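The values are calculated or read from the model by the stated rules, or taken from the named source; none is laboratory data. Here the structure is a predicted model, which means the values were calculated and not measured. Reconstructed Cβ throughout: ideal geometry from the backbone, glycine too, with neighbour counts over all protein chains shown. With ligands, DNA and RNA removed, areas are computed over all heavy atoms of the protein, side chains included. Shrake-Rupley method; radii C 1.70, N 1.55, O 1.52, S 1.80 Å.
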Amino acid sequence: MTSGTTSTRSPWFLRPPAPSGPAARIFCFPRSGTGASAFSAWPAAIGEAEVCPIQFPGRENRLAEPHYGTYEELADRLVEPLTPLLDRPFAFFGHCAGAMPAFETVLRLAERSLPLPSCLIVSGQPAPRHAGSDRMLAMSEAELRAELEAVVRGRGIEPRPDMIDLGMLTLRGDVAAARAYRRDEPVAVGCPIVVLQWRDDPDVSTDHIQEWRRYADSVEIRVVDGGRQDFATPPEELSKALVGWI
């Protein structure tokens with residue numbers, strides 16, 4: 001097991017993970033077009049696990065940095081800042097398209113013989129083989145803008161044009177990364193996977209959710225009430241899933 005912690009503030013985390021305290025960590029990967037603040041309504045800890053939202057380059061407080069490029073490049077870059085924090089049990093939570101860099105990061109950790117998550121939790125996302133089925137990938141610029149406005153309103157904020165203009169810079173890069181991502185053949189990870197299917201989500205088919213069973217020896221599929229936007233204020237079922245692996 002990797003040991004040690006870091007007290008240096010990393011741009012990859014809005015707040016430095018605590019060197020002591022919770023017995024476990026949940027590293028959270030945001031959906032396309034958003035950043036770590038998407039988890040701002042989550043408590044700092046859920047049960048015994050510290051919540052650690054990951055901040056990708058090219059958004060929010062890292063807007064001045066170049067976009068990360070592809071999911072594979074993002075996963076490669078994530079390994080170094082994550083390594084000092086793998087000193088206790090941990091899980092990855094990837095919401096929507098954020099599940100893809102989470103999945104790729106697990107593969108990178110395994111390639112480097114680093115500790116693996118106790119659990120990979122994916123929410124509202126088809127298995128990698130079907131990642132290209134996301135309806136956003138076929139949207140026009142105007143449709144993407146409307147989608148982003150709906151996401152912002154879903155967080156209780158009235159979207160200003162300048163806010164949406166900045167958000168579109170991020171979303172364009174994220175959608176390009178999603179369009180470029182391909183894994184035609186399943187690659188198994190060495191940890192259990194919990195797949196969350198939102199009951200009111202019409203965009204992710206049950207067949208595409210079931211496909212996750214080909215990516216690990218242990219795969220549990222749970223149906224949770226609500227739509228994908230409801231992750232921002234985690235309902236009880238989601239909160240239970242986030243700590244069920246501890």
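Here residue 83 fulfils each of the conditions (1) of a type outside the set (D, E, K, R); (2) over 16 Å from the mean Cα position of the chain (by Cα); (3) assigned to a helix (DSSP H, G or I); (4) farther than 28 Å from residue 23 by Cβ apart from (4). Applying the criterion of being more than 14 Å from residue 172 (Cβ to Cβ), touching a residue at least 24 places away in the same chain (Cβ under 8 Å) and hydrophobic (A, V, I, L, M, F, W, C) to the residues of region 58-87, the residue that is surrounded by the fewest Cβ atoms within 10 Å (Cβ to Cβ) is 79. The residues listed here are 131, 146; of these, the one that is more than 16 Å from residue 195 (Cβ to Cβ) and either free of Cβ contacts under 8 Å to residues at least 40 places away in the same chain or not hydroxyl-bearing (Ser, Thr, Tyr) (or both) is 146. Failed condition for residue 187, given (1) touching a strand residue (DSSP E or B) at 6+ places or on another chain (Cβ under 6 Å); (2) in a loop (DSSP other than H, G, I, E, B); (3) surrounded by fewer than 17 Cβ atoms within 10 Å (Cβ to Cβ), with all others met? Residue 187 satisfies all of (1) touching a strand residue (DSSP E or B) at 6+ places or on another chain (Cβ under 6 Å); (2) in a loop (DSSP other than H, G, I, E, B); (3) surrounded by fewer than 17 Cβ atoms within 10 Å (Cβ to Cβ) except (1). Of the numbered criteria (1) of a type outside the set (Phe, Trp, Tyr); (2) open to solvent by 60 Å² or more (accessible area, probe 1.4 Å); (3) in a strand (DSSP E or B), the one residue 26 fails is (2).
Exactly one residue among 94, 21, 69, 33 is over 12 Å from the mean Cα position of the chain (by Cα) and either part of a strand (DSSP E or B) or under 21 Å from residue 179 (Cα atoms) (or both), and that residue is 69. Applying a threshold of 7 Å to beta carbon distances and a minimum spacing of six or more residues, or different chains, the list of pairs starting in region 26-48 at a residue that is within 20 Å of residue 174 (Cα to Cα) and ending at one that is open to solvent by 40 Å² or more (accessible area, probe 1.4 Å) and of a type in the set (D, E, K, R) reads 35/60; 36/60; 37/60. Of all residue pairs spaced 6 or more apart or on separate chains, those with beta-carbon atoms under 7 Å, a first member in region 8-21 that is of a type in the set (Gly, Ala, Ser) and a second member that is assigned to a strand (DSSP E or B) and surrounded by 18 or more Cβ atoms within 10 Å (Cβ to Cβ) are 18/50; 21/50.
If you go through region 138-157 one residue at a time, do you hit one that is under 30 Å from residue 110 (Cα atoms), surrounded by 15 or more Cβ atoms within 10 Å (Cβ to Cβ) and of a type outside the set (D, E, K, R)?
So far as region 138-157 goes, no, none of its residues is under 30 Å from residue 110 (Cα atoms), surrounded by 15 or more Cβ atoms within 10 Å (Cβ to Cβ) and of a type outside the set (D, E, K, R).
Filtered by the rule that a residue be closer than 18 Å to residue 212 by Cα, touching a helix residue (DSSP H, G or I) at 6+ places or on another chain (Cβ under 7 Å) and in a helix (DSSP H, G or I), region 112-148 gives 128, 129, 130, 131, 133. Consider region 200-215 and keep the residues that are among the β-branched types (Val, Ile, Thr) and open to solvent by less than 50 Å² (accessible area, probe 1.4 Å). The one that is modelled with the highest pLDDT is 209.
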